[in-house]
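Peer 1: Handing you a structure now.
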Amino acid sequence: MGFDFVEEQIRLAQERGDFDNLPGTGRPIESLDRQYDPDWWARDFMKRLTAEDTERSRSAGLERKLAGAWGLTSESSVRTAVANLNAEAGSDMFDADQVVTTWRRFRASIRPR
């Protein structure tokens, strides 16, 4: 086992097509033409952190907006609110059926007994 084993595994993966259609295939490596920057990793790390913080803030804002659904009075208005939030998110971030189920439990818990 060793180098031959690894080479064989790579060859088999190539034959299976495991490397076909990978992201970036056929494109040059980003920033290959730039001069070497010894702090490249720190800059890249900060860029990723900033992107994560932006996404986290955006998600938190959508979660806060979803909290407004608990005050809605009909299932159809909750579904509309979820559809609007998903449109704003650009994806199906919230499952309307799950939100409605939670909304029903919430409404049942606040009804006077």
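The values are calculated or read from the model by the stated rules, or taken from the named source; none is laboratory data. Everything numeric in this text was worked out from a predicted model, so none of it was measured. Backbone-built Cβ (ideal geometry, glycine too); neighbour counts: all protein chains shown.
Peer 1: Looking at (1) in a helix (DSSP H, G or I); (2) at pLDDT 85 or above; (3) surrounded by 10 or more Cβ atoms within 10 Å (Cβ to Cβ), which is the only condition R64 fails?
Peer 2: (3)
Peer 1: If you don't mind, there's one more thing I want to ask. Show the residue pairs meeting these rules: Cβ distance below 7 Å; 6+ apart or different chains; first residue within region 60-88 and under 20 Å from R105 (Cβ atoms) and in contact (Cβ under 8 Å) with a residue 12 or more places away in the chain; second residue among the aromatic types (F, W, Y) and surrounded by 10 or more Cβ atoms within 10 Å (Cβ to Cβ).
Peer 2: From region 60-88, the pairs are L66/F94; A69/W103; W70/W103; W70/F106; V78/W103; V82/F94; L85/F94.
Peer 1: Being surrounded by 10 or more Cβ atoms within 10 Å (Cβ to Cβ) and either without any contact (Cβ under 8 Å) to a residue 60 or more places away in the chain or not aliphatic (A, V, I, L, M) (or both): is that true of D39 here? So that I can check it myself, show each step before the final result.
Peer 2: Working: surrounded by 10 or more Cβ atoms within 10 Å (Cβ to Cβ): no; either without any contact (Cβ under 8 Å) to a residue 60 or more places away in the chain or not aliphatic (A, V, I, L, M) (or both): yes.
When the stated conditions are applied, D39 does not pass them.
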